[in-house]
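Comments concern the structure below.
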Amino acid sequence: MITVTGATGNIGRTLVELLAEQGEQVVAVSRKAQPAPGAAGVRWARGDVGDAASLRPALDGARALFLLLGGERNTHGESPDALLDVVADAGVERIVLVSSQVSATRPDAPSHARLREFEAAVRASGLDATILRPGGFASNAFAWAETVRSKRTVLAPFGDVALPVVDPADIAAVAAAVLREDGHAGHAYELTGPERISPREQAAVLAEALGEELAFVELSREQAHGHLAQFMPAEVATGTLDVLGLPLPTEQAVSADVAAVLRRPAAPFRAWVERNLPAFR
Ligand SMILES: NC(=O)c1ccc[n+]([C@@H]2O[C@H](COP(=O)([O-])OP(=O)(O)OC[C@H]3O[C@@H](n4cnc5c(N)ncnc54)[C@H](OP(=O)(O)O)[C@@H]3O)[C@@H](O)[C@H]2O)c1
């Protein structure tokens, strides 16, 4: 049995489906009761990664845990040890943590201090541990959906700065492989897409897929911070904009890790757009 936190999110939704398709018994964790129909092999359990004790029932009988810190749990909350004690007590043997590329590329960034703390604790836990460090997600483009629907306009900062955004479905596929296969313990995988693409180019891909013209309006850093801070802690918004505006060479590089784990190329931004077009119509 495999327990999946963040199960209603961009990565978790796909991961739960993939694991169930692959014949695993899955416990999907959410703060809400039964947020989606219980597909074959999937049981929903109520729990909050910010409250270690609440996860204990979801871990009963689990041999592996997919750990994703949602929302402000990326910056605040109980110590990693509180959670890892509950995990060890439940007899879990394997853990896969979603961290961030920035945890490694900017080791002093205050925005990622808690993720670095979780990485260190997971590595020291004695469990069979693997860290996933994704770059920016293709699904961050959901932030454009409302103005695309209402004004046929994409609003984004740093329009011409290109980064290799990763499809969360690829992160889910890597997570499924690492949760199920041996040989990944002790590794930290950097997960990116197959090519660099700027926000302006992403908007053009979206326009082509919609079959409509979209205007691109470049936001200032301050305007973008105001938008992002509505959805994430202010320090994470600051760290995110540092990467989007002035990426390091290591953050612009395409990583081979998705292809190495999945034995197929990482998906381009277009693939994410095609699966998510209804959000923009
Ligand atoms: N977006 C990026 O570009 C990027 C880049 C690198 C790394 N990351 C990392 O990837 C992770 C996000 O992955 P994702 O997009 O799949 O997740 P997500 O969709 O943002 O959220 C996953 C789930 O976490 C739960 N959640 C949200 N806020 C919470 C809170 N305050 N306390 C407890 N649970 C909460 C929610 O589930 P329920 O409501 O069902 O409980 C939500 O559906 C984060 O750890 C982030 O640091 C993101």
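The values are calculated or read from the model by the stated rules, or taken from the named source; none is laboratory data. Bear in mind the structure is a predicted one, so any value in this text is a computation, not a measurement. For neighbour counting, all protein chains shown are included, and Cβ atoms are generated from backbone atoms with ideal geometry for every residue, glycine included. Protein only, heavy atoms only, side chains kept; ligands, DNA and RNA dropped before computing areas. Shrake-Rupley method; radii C 1.70, N 1.55, O 1.52, S 1.80 Å.
Scanning for something more than 29 Å from F66 (Cβ to Cβ) and surrounded by fewer than 20 Cβ atoms within 10 Å (Cβ to Cβ), does the range 174-195 turn up at least one residue? Checking the range 174-195: not a single residue is more than 29 Å from F66 (Cβ to Cβ) and surrounded by fewer than 20 Cβ atoms within 10 Å (Cβ to Cβ).
The residue of the range 1-15 that is farthest from L59 (Cα to Cα), among those that are outside any loop (DSSP other than H, G, I, E, B) and more than 14 Å from the chain's Cα centre (by Cα), is I2. Of A53, A33, A62, all but one fail to be in contact with a strand residue (DSSP E or B) (Cβ under 7 Å, 6 or more places away or on another chain) and modelled with pLDDT of 95 or more; the exception is A62. Taken over the range 93-105, the criterion of being within 12 Å of the ligand (Cβ to nearest atom) and more than 16 Å from the chain's Cα centre (by Cα) is satisfied by T105 alone.
Using the structure shown, decide if A53 is open to solvent by 30 Å² or more (accessible area, probe 1.4 Å), more than 27 Å from S79 (Cβ to Cβ) and either more than 9 Å from the ligand (Cβ to nearest atom) or assigned to a strand (DSSP E or B) (or both). No. Inspection of the range 138-157 finds a residue satisfying the criterion of being of a type outside the set (A, V, I, L, M, F, W, C), open to solvent by less than 20 Å² (accessible area, probe 1.4 Å) and within 13 Å of the ligand (Cβ to nearest atom). Here the range 106-119 is the region considered, the condition is being surrounded by fewer than 17 Cβ atoms within 10 Å (Cβ to Cβ) and within 16 Å of the ligand (Cβ to nearest atom), and the residue that is nearest to R63 (Cα to Cα) is E117. Count of the range 65-90 residues, restricted to those that are open to solvent by 40 Å² or more (accessible area, probe 1.4 Å) and more than 12 Å from the ligand (Cβ to nearest atom), is 5.
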